[in-house]
Amino acid sequence: MSTQMQEAEWIWQDGDFIPWHDAKLHVLSLAVQFGSSVFEGVRCYATADGPAIFRLRDHVERLFDSCRVFRMDPGRTVDEVMDACVQAVERNGLDECYIRPMVLRGYGAAGMNPVGSPVHVVIPCWPWGTYLGPEALERGVDVGVSSWQRAEPNTFPIAAKAAGNYNNAQLIKLEAIANGYAEGIALGPGGLVSEGSGQNLFLVRRGVLITPPLDGTNLAGITRDSVLLLARELGIPVREQPVPRETLYGADELFFTGTASEIAPIRSVDRITIGSGRAGPVTKRLQQRFMDVVHGRATAPQGCDGWLAYTRRGAGRRVEATA
């Protein structure tokens, strides 16, 4: 699977569009020196009514929550950043893409006190297919439990989607690839299952959908939340509970969730086959319902209005991005 980024033409930066290769940051910016930045990953899907961004408001509100944790003032409102995301998709003429809104500390301060460094808001977007490979959504992936664990709660604020947190994720991913896996599963400091390198984790056991609770070691994923809502709508029993590592091996089904990964089945863990070794019935049912919603073929669950923000007028229907 290629990791090469497919470039777009324009990037929104601090209120203006600049050419892709003109988006630069000084090597002594705090974002480069100390990873002082927060970000979001958002997907835009092709629908019959034009490109639609999935749960845009929820993503941007989480971005602002991350900013508050790190005392970064983006200098813009949630609606302004949402509108800039829509503009970025439109300016680049994309029907399907991945959007990466970022809030960065720039060049100015030299130490841990960030006062003196400007805060920048940058929004690139680019075409990006299935994160774990073109066959991952149907055939599933092989994963291994990582030797790298997640940090203790109240060390790195995992609820904030901060760039620095992903150094740990890179170690997990690199180790997994070196061991012949597509992904890794991280344990928390207490030895219980936390999440993947950049995904939340679900398992199915005797018809019950189970996921680890949010315990300060894993991200409150927006796709995770979507799956929980869809499962309840479909009448699938759901439990959020601690998951010991050994529980993974006896699961009937396992799958990752995430904006990049979407709903990706797991066919083996540590070379132990999970269930039938392919996507199970509960996974397929949730995956199909999710894909129907994000592609505009079906409505979101009751009470979940505004899940799709259409970027331009399509077949006579429009939902405003700020709705």
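In vacuo Debye scattering of the chain, one point per C-alpha: log10 I(q)/I(0) at q = 0.09, 0.10, 0.12 Å⁻¹? The Debye formula, applied to the Cα set alone, gives -0.47, -0.58, -0.85. Ordering 305, 252, 22 by accessible surface, largest first, gives 305, 22, 252; the 1.4 Å probe counts only protein heavy atoms, with every chain in place.
The modelled label-to-label distance between residue 278 and residue 95, using points 7 Å beyond Cα along the C-beta direction, is 2.9 nm. Gyration tensor over the Cα atoms of the range 173-323: the corresponding equivalent ellipsoid has semi-axes (square roots of 5 times the eigenvalues, largest first) of 29, 16, 15 Å.
Taking one quarter of the surface of the C-alpha convex hull of the range 264-312 gives a mean projected area of 4.9 nm².
Counting only Cα atoms, the size of the range 1-134 along its three principal axes is 49, 31, 28 Å, in decreasing order.
Using a probe of 1.4 Å on the protein chains alone, the accessible area found for residue 76 is around 80 Å². Remark: the chain carries a charge dipole of roughly 520 debye about the Cα centre, counting +1 on each Lys and Arg Cβ and -1 on each Asp and Glu Cβ. Using 0.36 nm per residue and subtracting the Cα-Cα separation, the extra length available between residue 128 and residue 288 on full extension is 55.6 nm.
Taking 15 Å as the cut-off, the amide N atoms of the range 248-273 that come nearer than this to a point 7 Å along the Cα-to-beta-carbon line of residue 179 belong to 248-249, 267-273. The residues 175, 152, 61, sorted by heavy-atom accessible surface at 1.4 Å with ligands and nucleic acids left out, run 152, 61, 175 from largest to smallest. In this view, the solvent-accessible surface of residue 145, computed with a 1.4 Å probe and all protein chains in place, comes to about 20 Å². Taking one quarter of the surface of the C-alpha convex hull of the range 46-115 gives a mean projected area of 5.7 nm². Here the accessible area is traced with a 1.4 Å probe on the protein chains. For the range 173-323, carbon and sulfur cover 50 percent of it.
Please give, to one decimal in nm, the separation of the simple spin-label points placed at residue 240 and residue 305, each 7 Å out from Cα toward the Cβ. Those two pseudo-labels are separated by 2.5 nm.
Each of 219, 209 has its accessible area taken with a 1.4 Å probe; listed largest first, they run 219, 209. The heavy atoms of residue 291 offer some 30 square angstrom of accessible surface to a 1.4 angstrom probe. Surface analysis of the chain yields an accessible area of 46 Å² per residue, using protein heavy atoms and a 1.4 Å probe.
The values are calculated or read from the model by the stated rules, or taken from the named source; none is laboratory data. What you see is a predicted model, and the numbers here were worked out from it, not measured in a lab. Don't worry about glycine lacking a Cβ; one is built from the backbone with ideal geometry, like all the others, and counts go over all protein chains shown. Remember, those area values only see protein heavy atoms, side chains included, never the ligands or the DNA or RNA. Shrake-Rupley method; radii C 1.70, N 1.55, O 1.52, S 1.80 Å.
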